[in-house]
Structures are given as structure tokens and as C-alpha cells.
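First up is the structure itself, then whatever we jot down about it.
The values are calculated or read from the model by the stated rules, or taken from the named source; none is laboratory data. None of these values were measured; they are calculated from a predicted model. No Cβ is skipped: glycine too gets one built from the backbone with ideal geometry, and neighbour counts run over all protein chains shown.
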């Protein structure tokens, strides 16, 4: 009988080595990065042993699986963390399979982090509204503004 391999984007798939650059995301953006590595700044809501329930910067609850890391190397957790992990999807559930966890602080302004994330990943606004104060954070918008200027 043939062995059925798990979907490469599922939490049961083997985790490949990764040392690249990863974008910081909020909970809403996770769906755009399935199968890819991201950094999620978050606040721990509940420690479930083999996983964490965390609040993303945009107040979306996210499950972080700890099955791929040595749990004892990252405890005790600070209330605010940055989780590097692979975004996985099983049927309708999206979760983050942690590969590294770093404590940020005992108190931290996640709403400000969310604002920066929204600016970085934000839509192009120059075409309709001209430059905004957010353009400085969005390299693509800066390139688009330069290209428009050259026309």
C-alpha cells in the first residue's frame, strides 16, 4: 500500500531548514503566506503545552504549534513574543508552526506594531490619493512614486 504524504503546507509535513528573511505579519495577512515563513509579533493568551494561543497585533487569535522546537529552550515566555514560523493550513484552520521564538518584553504596544505592518503591506495609494505619510514604510510605493515622476 502506498504511503500518503501530508500536504507540504500542513502542520504534519516535515519542516525544511530555513534561514531566510521573513516578513512581519498580523493575523489577517497569514492567509497570504501559506507554506511560507513569517514573523508574528504577538501576545500570549494561553499556554497549552504543545501550542500557544496568541493575540496577533490586529487582535486576531492565532494558534502557534510548538512541535518543531525544543520547548525548554524558550521558556519562560514573556507576555509578548516574536514567533518565526511556517504558516500551515489544515482544511479550514490556519496556524503557525514555530521554528524560533523570541521574547519581546513584559509590556509592548502591539497596536503600533500593527500600524507599521499595515504600512509595509498596505495597498498602493499614490495612484488615487497622492503620497501619504505611510509611503516612507512601503518600498513598493516609493518605487511607484519614482516611476510616476519619471513619466
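Annotations
- Annotation: residue 49 fulfils all but one of (1) touching a helix residue (DSSP H, G or I) at 6+ places or on another chain (Cβ under 9 Å); (2) at pLDDT 90 or above; the unmet one is (2).
- Failed condition for residue 55, given (1) within 13 Å of residue 117 (Cβ to Cβ); (2) at pLDDT 95 or above; (3) in contact with a helix residue (DSSP H, G or I) (Cβ under 8 Å, 6 or more places away or on another chain): (1)
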